[in-house]
Number of protein chains: 2
Amino acid sequence: MNTKQNADNPEIILTGDRATGPLHLGHYVGSLKQRVALQAIHEQTILVADMQGLTDNAHNPKKVSSNILNVVADYLAVGIDPSKTTICLQSQLPALAELTMYYSNLVTISRLERNPTVKSEIQNKGFERSIPAGFLTYPVSQAADITGFNASLVPVGDDQLPMLEQTNEIVRKVNSLAGRNVLNECRPLLSNASRLPSTDGKNKMSKSMGNAINLGATEKEISAAVKSMYTDPNHLKVEDPGNVEGNVVFTYLDVFHPDEDYIKQLKEHYRRGGLGDGTTKKVLEECLQDMLRPIRERRSEFLDDKAQLVDILVKGSQVSREKTSEVLFDVKDIFGLNIF
Amino acid sequence: MNTKQNADNPEIILTGDRATGPLHLGHYVGSLKQRVALQAIHEQTILVADMQGLTDNAHNPKKVSSNILNVVADYLAVGIDPSKTTICLQSQLPALAELTMYYSNLVTISRLERNPTVKSEIQNKGFERSIPAGFLTYPVSQAADITGFNASLVPVGDDQLPMLEQTNEIVRKVNSLAGRNVLNECRPLLSNASRLPSTDGKNKMSKSMGNAINLGATEKEISAAVKSMYTDPNHLKVEDPGNVEGNVVFTYLDVFHPDEDYIKQLKEHYRRGGLGDGTTKKVLEECLQDMLRPIRERRSEFLDDKAQLVDILVKGSQVSREKTSEVLFDVKDIFGLNIF
């Protein structure tokens, strides 16, 4: 993490998740752990992006609505503290929709079509020419999210860098229209953690692929996920020498096991032969069960008290509504629309 | 006008104008006169579309902001009565921006690119591939405007019919998602008046082309506009027989002169020869001066009291904010997002 800034000069951080499913170990490694660390030093807001979740799920809105509180419970379970991090709901912040409308006039369709992240997502989702307008234009909405909070630092994976470029292009256009710096450009905060592979070693982790371990996974689900995990396909007998590279069990052990030396020994043993996948999986399962048990329990307690989760979102959204309205005021001012 | 409905069963009418210039005689004939009649029978809202005006003027926002109050003054000057018609400002109604975001997920980019009205406007404006996203998607925003007021009747020119089709497509998608009729389809109210030609007889009337007579035109401007008006290019000498078809002076006389018989005689005289363009233009000028004098005077009085104009917009926007918020609530409900 590049959190070199000191506490006297906190950054404004905006981060968030599409509320389209419960969060999993990939989120934990890629962003949640980082957020827990960041909330101690910086002014952090987490946006539960329900509207963005709808851009490709409008015909199955339950996928979004049913996951809003799950995601909030995931946050709290891993240690995100609502007294340090503002957690808010995108659909509760009308200023973000309004900013999106204004920014849309400053971005061309062809520019959006050239966005590499959107391009690859369109391909993945098989949209071709039937892309929903809201999906093609979601980088504009994301620019509204980021600038609406006046964020200086945005934690992203490197596949999301084109989104920040798009945001900063809009920022420069707005500032050039204003003739002064009304909005701030944001910088990416790239996580040091490399992307956690899916349990099948093939794809990006996703709930629908069944290749992710959710933060709320039961003991049985964890056990089954580890047992089915991709290892070295040429490691047929226990006595065979095995490969640890590309072997998902070892990748997870590297990430999650607390004892580095022990894992180093385990790898050497596996490489020279004589160590079965059953044994390495047992080690991994034990470590994941230990790690996820308290998270699962806290998550379940939070979900038992939905009123508390709603209350956290209400309070966070209230604070965020004020912040984003101020930015909207400044942007409308550039267009001369604050006539009353 | 097809205002056959009786006063016991008033329609909800939404109409409006992009605030990109003062209104002119084309607006008067094509819509303003109709609105004055409609306000007596129906529940009419006029939306001053500043945000839509920005979709192709974002780099010149003054063109929009400086015309908002002019347009309101135009309305009042021709007899639109704020106690009968709600006059509101689009940028003051966040629910419209939010509805636009939700609807955007239900419309594909290729569907928008097929919209004949947008297609021809893109061509007229020379946008080609550099269409602002907000411009390509403005039919979605217009659907938000119409449905946001739950309008049943929308006065349009026939070139705008594809916009209402797009709106009703969205309405049907929303209702199908909801499994019941949450939104109402709207019907067009086509004006009987044919489009008033520009003074040069060539183009659509527009301020930038200098071929329109604004409602606030000065005596001199009216005089100059009539003098330069396109007549019959083959009518060189007074004694020559002349054509009244395509002769803008006669088209305007047909529309604006109160004495039909007199115009009939004038046409016959012109056709057989012996009537000069100077004379017909004098008749037209007198009639336009008489008609526009009181409008110009009222307009100027209203513009002298900007606080009153703002007050009308504030009150109309307040009422409209409540109406559009109710529709937004119903739409968000379909997506399961009214969790608090």
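Side notes on the structure shown:
- Kirkwood-type hydrodynamic radius, segment B:219-301: 13.2 Å, calculated from all non-identical alpha-carbon pairs.
- The residues of segment B:219-301 present an accessible area of 58 Å² per residue when probed at 1.4 Å with all protein chains retained.
- Averaged over A:328-335, number of beta-carbon atoms from partner chains that fall within 10 Å: 3
- Ranked by the mean number of other Cβ atoms within 10 Å of their residues, highest first, the peptides B:56-65, B:293-302 come out as B:56-65, B:293-302.
- For the pair A and B, the buried accessible area comes to roughly 4300 Å² in total, with a 1.4 Å probe and the value rounded to the nearest 100.
- Accessible surface of the protein assembly as shown [probe 1.4 Å, protein heavy atoms]: carbon and sulfur percent: 48
- By DSSP, the beta bridges lying fully in chain B are antiparallel in about 5 percent of cases.
- Efficiency of FRET between B:Asp240 and B:Asp261 - r from beta-carbon atoms, R0 22 angstrom, step 0.05: 0.35
- B:His27 - accessible surface, heavy atoms, 1.4 Å probe, Å² rounded to 10: 50
- Distances in nm from B:Glu121 to the matching label points in the other copies, shortest first (labels 7 Å along Cα to Cβ): 2.6
- Spacing of the modelled spin labels on B:Ser228 and A:Glu113, each 7 Å from Cα toward Cβ, amounts to 3.9 nm.
- Computed with a 1.4 Å probe over protein heavy atoms only, the accessible area of B:Arg187 comes to about 110 Å².
- Bridging of A:Lys62 to aspartates and glutamates at a Cα separation below 12 Å is possible for A:Asp50, B:Asp333, once same-chain residues fewer than 8 apart are set aside.
- Beta bridges per DSSP, both residues in the protein assembly as shown: antiparallel share near 10 percent.
- Label-point separation, B:Ala37 to A:Glu301 (7 Å along Cα→Cβ), nm: 7.2
- Under 5 Å from the amide H of A:Ile87 lie the amide H atoms of A:Ile46, A:Gly316, each residue being 5 or more positions distant or on a separate chain, with H modelled from the backbone and absent for Pro and chain starts.
- The 3J(HN,Hα) values that the Karplus relation (6.51, -1.76, 1.60; θ = phi - 60°) gives for segment A:93-101 are, in residue order, 10, x, 4, 5, 5, 5, 4, 4, 4 Hz. Gly and Pro appear as x.
- Shape of the protein assembly as shown, Cα gyration tensor, a/c cut at 1.5: prolate
- Under the Karplus curve 6.51 cos²θ - 1.76 cosθ + 1.60, θ = phi - 60°, whole-Hz ³J(HN,Hα) for segment B:185-190, x wherever Gly or Pro sits: 5, 10, 10, x, 10, 7
- Taking amide H as placed 1.01 Å from N in the peptide plane, the amide H of A:Val156 sits under 5 Å from that of A:Leu189, A:Leu190, A:Ser191, each at least 5 places away or on another chain.
- Cross-link pairs exceeding 18 Å in C-alpha to C-alpha distance, out of A:Lys119/B:Lys332; A:Lys204/A:Lys282; A:Lys125/B:Lys332; B:Lys33/B:Lys202; A:Lys332/B:Lys84; B:Lys84/B:Lys315, comprise A:Lys119/B:Lys332; A:Lys204/A:Lys282; A:Lys125/B:Lys332; B:Lys33/B:Lys202; A:Lys332/B:Lys84.
- For peptide A:89-102, the mean count of partner chain Cβ atoms within 10 Å of a residue's Cβ comes to 6.
- If the segment from B:Arg180 to B:Ala193 were pulled out straight at 0.36 nm per residue, it would be longer than the present Cα-Cα gap by 0.9 nm.
- Residue-averaged beta-carbon neighbours from other chains (10 angstrom radius) around B:47-57: 3
- The order of the peptides A:32-39, A:108-115 by mean Cβ neighbours within 10 Å, most packed first, is A:32-39, A:108-115.
- Taking amide H positions as modeled 1.01 Å from N, with prolines and chain starts lacking one, no residue 5 or more places away or on another chain lies under 5 Å from B:Leu275.
- Nearest 10 degrees, 0 to 90: helix A:116-125 Cα axis against chain A principal axis: 60
- Scalar couplings 3J(HN,Hα) for segment B:12-18, obtained by applying the Karplus form with A = 6.51, B = -1.76, C = 1.60 to θ = phi - 60°, are 9, 10, 10, 8, x, 9, 5 Hz; x denotes Gly and Pro.
- Assigned charges on the beta-carbon of Lys, Arg, Asp, Glu; segment A:219-301 dipole about Cα centre (debye): 180
- Only protein heavy atoms count here; under a 1.4 Å probe, B:Lys264 has an accessible surface of about 130 Å².
- Charge sum, other residues only, whose C-beta stays under 10 Å from A:Val78's C-beta, Lys/Arg counted +1 and Asp/Glu -1: +3
The values are calculated or read from the model by the stated rules, or taken from the named source; none is laboratory data. This is a predicted model, so every value here is computed, not measured. All Cβ positions, even for glycine, are placed from backbone atoms using ideal geometry, and neighbour counts span all protein chains on display. Note: accessible area is taken over every heavy atom of the protein model, side chains too, but ligands, DNA and RNA are not part of it. Shrake-Rupley method; radii C 1.70, N 1.55, O 1.52, S 1.80 Å.
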